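One structure is given below, encoded as C-alpha cells.
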Amino acid sequence: MKRKSVVRNPWAWVPSLYVAEGIPYVMAVTVSVVLYKRLGISNADIALYTSWLYLPWVIKPFWSPFVDLFRTKRYWILLMQLLLGASLACIAFTLPTSRFFQYTLAFFWLMAFSSATHDIAADGFYMLGLTDDLQAAFSGVRTTFYRIATIGTKGGLVVFAGHLEASGKDIPTAWSVTLFLAAAAFAALFLYHFFILPCPAPDRPVSRAPSTSLRSKFLTPFALYFRKKGIFAILAFFLFYRFAETQLVKLIVPFLLDPRSKGGLGLTTSEVGIIYGTVGVIALMLGGLLGGYVIYRNGLKFWIWVMVCVMHLPDLVFVFLSQAMPENLYVINLCVAVEQFGYGFGFTAYTMFMIMVSEGEYKTVNYAISTGIMALGMMLPAMFSGWLQEQLGYPNYFLWVMAATIPGFIVTALVKIDPAYGKKKK
C-alpha cells in the first residue's frame, strides 16, 4: 500500500528533531565524563573509554548507504529514538550495581550507535522534507535547537543530578533518577514524532537498477569521495583543525571537579552544570551564530584565518585557570565563556568546510563520511588525553594544549576555498 504524503509546517518538527539529535550525543561524549568522574573513575580511564564512544560516529559512513537503501528515513528516526530511550533507562537501572562501569559503558555504546544512525536518518530526512530555500532558512534553527538540547543535557540534567546529590541522595541514586528522567523525555519525543513527523513523498528507499549490485551501490560514494581534488589536504584539515580542542574538551570537566589538592578547581556538580553546561553552551551558541552570520556576509575564505585564531587562542584561559587557581565563580564563568565562544565561532568554519566538501551526487553519504573523519580526529587524541594529564599535571597539560594548536594553523593554510563560497548572493 502506497504511503500517503503528508506535509507539515517545519516549525512543528525541525526543532524537536534536532533536540532529539543533540541529547544522546551530549550524553555519550560529555555527560558520561561528569558521571564517571563523580563515581570515582580515574581521568585516564574516563578519557580512554569515553573517547571510544566516538567510534560509531567515525564508522557511520559505512552503514549510511544501508539507511538509504532500506526503509524510510522516518522509520529509522522512530526506531532509533525507541532504542535511545531504552539505552538511557538501562544505564539508569545498572548504575547502582557493583559492575556499573562495564554495564553502563555497554549501554552507552548502544546509545552511541543508535545516535549515529539517528543522525544519518535525521540529516537525510531534513534534506528530503524541506525545499532548498527552507533548508537554508531553517539551518540556523536546527543548530540553535541542537544547542538548546546541549544546554538541557549538559546543563540542566547535570544541575539536577547535583541538586539530588546535595539533598542527601548517594551519587548512583541521584544519577539513576536523572537518567530515568532523560529516558522519559525520549519516550515523549518518540510519541510526538510518531504523530507529527511528515511523510514527504521523496522519503523512500533509494531505487537500485537490477544490473547494479548492492556492493557497487555501497562502494561508489566512497570511491568518488576519496577521488576529490585536494583530498589529502581535506583529510588533514578534518583530522587536525581541532587537534587541541579535542584534547581540551575531555579534561575540562575533570579539571573543574577535581579538588584543589589535585590541581583542580574543586567545583560542585551543580556549579559545573551551570558554568560549563549552561553559560559555556550559551557562549558556544552565540559564537556559532555570529560565525554563521559573518560567513554569510563575506564568505568562508574571507573569515577562515580570523576563525582559526579565535578558536585556538582562547585556550589560554585554561593556562590561566590552572596557574592562578581563582576561587571567584564569576572569573571562572568568564574564562569558560570566552573559550567556548571562541570554539563556537571557529567551529563554524569547520562545519561550512564539511558542507562544501560534501557537495555532489551523494550529498548525504558524503556528509556522513566527512563527519566520520571528524569524529576520528576527535577520538584518537582524546583517548590518551587523560593519561597525559595525569603524567603532566593540569598546569603543564594546558600548556601542551596550547602547543597542540599549531597543527590547526598548518592545515588551514593547506586547504583551498572558493572566495564566493558561503557568501550571500547579491
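The values are calculated or read from the model by the stated rules, or taken from the named source; none is laboratory data. Source: prediction; values computed, not measured. Cβ sites come from the backbone with ideal geometry, for glycine too, and all protein chains shown count toward neighbours. Each accessible area value is taken on the protein alone, full model and side chains, heavy atoms only, with ligands, DNA and RNA left out. Shrake-Rupley method; radii C 1.70, N 1.55, O 1.52, S 1.80 Å.
In the P(r) worked out for the range 9-116, what percent of Cα pairs fall beyond 16 Å? If you can, show how the numbers build up before the last one.
On the way: 3559 of 5778 pairs.
Cα-Cα pairs of the range 9-116 separated by over 16 Å account for 62 percent.
When shorter helices are ignored and each DSSP H run of at least 4 residues is given -39500 (n - 2.57), the per-residue value for the chain at 222 nm works out to -23000 deg cm²/dmol. Taking every full run of DSSP H in the chain, the ones that stretch at least 15 Å from end to end by Cα along their long axis and average -0.5 or higher on the Kyte-Doolittle scale are 14-26, 73-94, 100-129, 139-150, 171-196, 214-225, 243-257, 280-298, 300-312, 329-357, 363-383.
Shown is the FRET efficiency for residue 330 and residue 167, computed with R0 = 35 Å from the Cβ-Cβ distance and rounded to the nearest 0.05: 0.85.
Taking a ≥ b ≥ c as the square roots of the eigenvalues of the alpha-carbon gyration tensor, the range 146-194 is classed oblate because a/c is 1.5 or more while a/b is no larger than b/c.
With a 1.4 Å probe and all protein chains left in place, how much of the accessible area of the range 8-54 comes from carbon and sulfur atoms, in whole percent?
On the way: 700 of 1250 Å².
C and S fraction of accessible area: 56 percent.
Within 10 Å, count the other beta carbons around each residue, average over each peptide in 339-345, 10-16, 35-41, and list them highest first.
Numbers: 339-345: 24.4, 10-16: 17.4, 35-41: 19.1.
The peptides rank, most packed first, as 339-345, 35-41, 10-16.
Overall, the accessible surface of the range 335-377 at a probe of 1.4 angstrom is composed of carbon and sulfur to the extent of 68 percent. Considering only 203, 170, 315, the Gaussian network model of the chain with Cα springs below 10 Å gives its largest mean-square fluctuation to 170. For the range 316-347, list residues with backbone N below 18 Å from a point placed 7 Å from the Cα of residue 290 toward its Cβ? Flagged as within label range: 316-318, 333-347.
Normalised by the number of residues in the range 46-149, the mean separation of alpha-carbon contacts (under 8 Å, six or more apart) gives a relative contact order of 34 percent.
The length gained by stretching the chain between residue 387 and residue 224 to full extension, at 0.36 nm per residue less their Cα-Cα distance, is 54.8 nm.
Could you pull out the pairs from 37/154; 228/250; 60/228; 73/229; 229/250 whose alpha carbons sit more than 24 Å apart here?
Numbers: 37/154 14 Å; 228/250 33 Å; 60/228 20 Å; 73/229 31 Å; 229/250 34 Å.
Beyond 24 Å: 228/250; 73/229; 229/250.
An oblate overall shape is assigned to the chain, the ratio a/c of its alpha-carbon gyration tensor axes (a ≥ b ≥ c) being 1.5 or greater and a/b not exceeding b/c. Label-to-label distance, residue 180 versus residue 59, with points set 7 angstrom from Cα along the beta-carbon direction: 3.4 nm. Solvent-accessible surface of the chain, averaged per residue with a 1.4 angstrom probe and all protein chains in place: 43 square angstrom. Ranked by the mean number of other Cβ atoms within 10 Å of their residues, highest first, the peptides 382-394, 76-88 come out as 76-88, 382-394.
Residue separation times 0.36 nm, minus the C-alpha to C-alpha distance between residue 199 and residue 359: what's the value?
On the way: separation 160, 0.36 × 160 = 57.60 nm, distance 2.51 nm.
Gain in length upon complete extension: 55.1 nm.
Tell me, what does the Kirkwood hydrodynamic radius of the range 292-394 come to in angstroms if you use every pair of distinct C-alpha atoms? Hydrodynamic radius (Kirkwood, Cα only) of the range 292-394 equals 16.1 Å. Averaging the sequence gap over all C-alpha pairs within less than 8 Å and six or more residues apart, then dividing by the number of residues, gives the chain a relative contact order of 27 percent. As a length-normalised measure over Cα pairs under 8 Å and 6 or more apart, the relative contact order of the range 215-346 settles at 29 percent. Computed packing ranks the peptides 193-202, 230-239, 141-150 as 141-150, 230-239, 193-202, most packed first, by mean other Cβ atoms within 10 Å.
Leaving out ligands, DNA and RNA, and with a 1.4 Å probe, what % of the accessible surface on the range 88-194 is carbon or sulfur? C and S fraction of accessible area: 71 percent.
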